[in-house]
Amino acid sequence: MSDSTSFFGDPDPIFANKDLLRVQHLPDKDRIIGRDEELTQLANAIKDAAHGRTPNNVLVYGKTGTGKSLCTKYITNDLVSSAEENDVSVGVAYVDCFQDSTETQTVRSIADSLNDPDETDVKIPMSGLSTSDYYRRLWNILEDRYDVGLVILDEIDKLDSDDVLMQLSRAAESGKIEDSTLGIIGISNKIRYKETLNERVRSSLSERNLVFAPYDAKQLGEILNSRIDAFREGVVEEAVIPKIAALAAREHGDARKAIDILRYAGESAYERGHETVRETHVDEAHEREERNRLSELISKLPSHSKHLLNALALQAQQHDDDDPEIPTEDVYSLYEIMCEQEGTDPLKNRRVRDLLSELEFLSVIRQQHKGRGRGRGAHTVNQLVDEPELVIKACKSA
DNA sequence: TCTCCACAGGAAACAACGGTCT
DNA sequence: AGACCGTTGTTTCCTGTGGAGA
């Protein structure tokens with residue numbers, strides 16, 4: 001599986017084990033860097049679970065790439081094994097709430113990851129059940145298999161209602177489960193997330209709060225160094241890692257992005273046939289990391305959103321101004337023409353307004369509301385965030 | 001300072017879909 | 001087989017409002 005040999009079977013001159021630079025890669029404990037205190041706090045908060053008692057519910061905050069999910073996964077793994085020594089069975093369910101954002105999807109996902117059909121004789125179908133059915137099955141599974149259930153809700157702020165949180169936090173007191181107990185670890189990158197919750201849920205969910213600060217340059221450097229085994233020995237020049245670390249610390253403190261840049265730098269060196277990864281490759285890699293984000297984002301957009309974006313970009317390009325403001329009605333009429341040419345039915349105005357505000361949410365465009373005076377109504381103008389040429393190119397290639 | 005209306009955007013309803021349950 | 005479920009994408013309906021011009 002590793003990319004250590006090239007297409008032609010020759011050994012890769014740059015990478016020894018590229019997997020170490022994949023985001024999904026879960027490092028060993030000695031590779032988790034600069035998070036000792038957070039790990040300890042987290043462990044303290046949930047340690048009761050190891051003895052079969054109800055753990056504290058925890059809210060973990062911190063920007064992206066600060067190691068929240070990583071540490072949570074690590075510590076819960078650890079908990080499961082130390083609980084085993086006490087003859088306590090702990091089940092951990094990890095849910096990415098960005099993917100499973102509705103109440104039903106979340107319960108389903110939790111039930112599914114705690115379940116073992118052979119053991120419980122319960123099936124968790126992908127769909128078709130009512131929400132309450134999924135809950136019923138989840139409670140059964142919990143009672144059947146575990147003393148303690150730990151639910152990790154990653155990107156908890158993406159949840160579209162508090163209902164799951166309500167149900168989960170009240171499961172024991174409302175008698176839904178009797179022999180088992182349940183703990184929740186919520187992970188969010190919005191520091192104000194707690195304020196959006198209703199009072200009941202808030203108090204029970206945030207018994208403990210933890211904040212992960214962005215990594216500083218020193219820690220980023222250590223993190224990158226710990227992945228140096230991804231490269232062949234001596235391939236990465238000395239200045240490279242400090243440079244990436246400084247860059248990433250200045251901009252965001254995001255370890256994930258820093259690792260991406262390191263990988264891109266390696267790829268740059270490889271493509272140019274250089275034998276070592278140099279500082280110049282870092283600059284290229286940095287640019288590449290940014291450009292990739294845009295085209296990746298656009299390629300994942302539904303086709304009508306792409307058409308709209310394309311229409312907006314074309315109009316921005318024709319405009320004399322540098323950063324022109326295009327009214328929604330203009331975008332819409334060009335979009336209609338483009339759909340006609342393609343032979344697809346255009347969406348109605350109302351829907352288009354929704355799609356445009358989604359694009360704004362994704363920071364691909366900027367919107368501004370303006371009034372037009374007596375008898376002329378109010379309207380919205382749209383601006384591109386990136387260069388029109390870049391956007392058009394990305395729309396075409398996608 | 002006040003007026004006025006086209007558009008923004010919330011709410012609800014609908015349709016299609018892919019699934020389960022009895 | 002037919003009732004039922006949740007999700008997604010869309011349309012229809014409707015109210016609230018920004019701000020240029022009177």
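Please find, among A:Q341, A:Q318, the residue that is open to solvent by 90 Å² or more (accessible area, probe 1.4 Å), out of contact with any Gly (no Cβ under 7 Å at 6 or more places or on another chain), closer than 26 Å to A:R293 by Cα and free of Cβ contacts under 8 Å to residues at least 12 places away in the same chain.
Details: A:Q341 fails: closer than 26 Å to A:R293 by Cα.
Just one listed residue meets the conditions, A:Q318.
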- Residues of region A:222-239 satisfying the condition of being in a helix (DSSP H, G or I) and either at pLDDT 95 or above or among the acidic types (D, E) (or both): A:E222, A:D229
- Note on the structure: By residue number, the members of region A:276-303 that are over 24 Å from the mean Cα position of the chain (by Cα), surrounded by fewer than 17 Cβ atoms within 10 Å (Cβ to Cβ) and not acidic (D, E) are A:T276, A:T280
- Note on the structure: Per the filter on region A:122-139, residues within 12 Å of DNA strand B (Cβ to nearest atom) and either open to solvent by less than 20 Å² (accessible area, probe 1.4 Å) or not polar (S, T, N, Q) (or both) are A:V122, A:K123, A:I124, A:P125, A:M126, A:G128, A:L129, A:D133, A:Y134, A:R136, A:R137
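Restricting to region A:1-59, and then to whatever is polar (S, T, N, Q) and in contact with a strand residue (DSSP E or B) (Cβ under 7 Å, 6 or more places away or on another chain), can you tell me which residue is modelled with the lowest pLDDT? Don't jump to the end; show me each part of the working.
Step one: list which residues in region A:1-59 are polar (S, T, N, Q), which gives A:2, A:4-6, A:17, A:24, A:40-41, A:44, A:54, A:56-57.
Cutting the leftovers down to in contact with a strand residue (DSSP E or B) (Cβ under 7 Å, 6 or more places away or on another chain) gives us A:4-5, A:41, A:54, A:56-57.
Details: A:S4: 50, A:T5: 53, A:Q41: 96, A:T54: 95, A:N56: 95, A:N57: 95.
Once the filter is applied, the top-ranked residue is A:S4.
Given the criteria away from DNA strand C (no atom under 13 Å from the Cβ), acidic (D, E) and touching a helix residue (DSSP H, G or I) at 6+ places or on another chain (Cβ under 7 Å), does A:D323 qualify?
Details: away from DNA strand C (no atom under 13 Å from the Cβ): yes; acidic (D, E): yes; touching a helix residue (DSSP H, G or I) at 6+ places or on another chain (Cβ under 7 Å): no.
So A:D323 fails the test.
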- Task: May I ask you to list pairs of residues, at least six apart or on different chains, whose Cβ atoms are under 8 Å apart, with the first in region A:350-362 being more than 12 Å from DNA strand C (Cβ to nearest atom) and the second being of a type in the set (G, A, S) and part of a helix (DSSP H, G or I)?
- Result: A:L359/A:S305
- Query: With (1) without any contact (Cβ under 8 Å) to a residue 60 or more places away in the chain; (2) part of a helix (DSSP H, G or I); (3) out of contact with any helix residue (DSSP H, G or I) (no Cβ under 8 Å at 6 or more places or on another chain); (4) under 23 Å from A:A230 (Cα atoms) as the list, and A:Y270 as the residue in question, which single condition is left unmet?
  - Reply: (1)
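Could you list all residues from region A:233-259 that are open to solvent by 20 Å² or more (accessible area, probe 1.4 Å) and touching a strand residue (DSSP E or B) at 6+ places or on another chain (Cβ under 8 Å)? Before the answer, list the steps.
Start the filter on region A:233-259 by keeping residues that are open to solvent by 20 Å² or more (accessible area, probe 1.4 Å), which leaves A:233-234, A:236-239, A:242-243, A:246-247, A:249-252, A:256-257.
Matches in region A:233-259: A:V236, A:E237.
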- Evaluate region A:197-210: report whether one residue or more is surrounded by fewer than 16 Cβ atoms within 10 Å (Cβ to Cβ) and among the hydroxyl-bearing types (S, T, Y). yes
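Being small (G, A, S) and more than 28 Å from A:L59 (Cα to Cα) is the filter; apply it to region A:124-152 and report the residue that is nearest to DNA strand C (Cβ to nearest atom). Working first, answer last.
As a first pass, look at region A:124-152 and keep what is small (G, A, S): A:127-128, A:130, A:132, A:149.
Still in the list and also more than 28 Å from A:L59 (Cα to Cα): A:127-128, A:130.
Values: A:S127: 6, A:G128: 5, A:S130: 3 Å.
Once the filter is applied, the top-ranked residue is A:S130.
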- Message: If A:G175 meets every condition in (1) open to solvent by 10 Å² or more (accessible area, probe 1.4 Å); (2) touching a Ser or Thr at 6+ places or on another chain (Cβ under 7 Å); (3) not aliphatic (A, V, I, L, M) apart from one, which number is that one?
- Response: (2)
- region A:194-220 residues that are within 22 Å of A:E37 (Cα to Cα), paired with ones that are hydroxyl-bearing (S, T, Y) and surrounded by fewer than 17 Cβ atoms within 10 Å (Cβ to Cβ) (beta carbon under 9 Å, 6 or more apart): none
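The values are calculated or read from the model by the stated rules, or taken from the named source; none is laboratory data. Source: prediction; values computed, not measured. Virtual Cβ from ideal backbone geometry, glycine too; neighbours counted across all protein chains shown. Just so you know, the surface numbers come from the protein's heavy atoms only, side chains and all, with ligands and any DNA or RNA stripped out. Shrake-Rupley method; radii C 1.70, N 1.55, O 1.52, S 1.80 Å.
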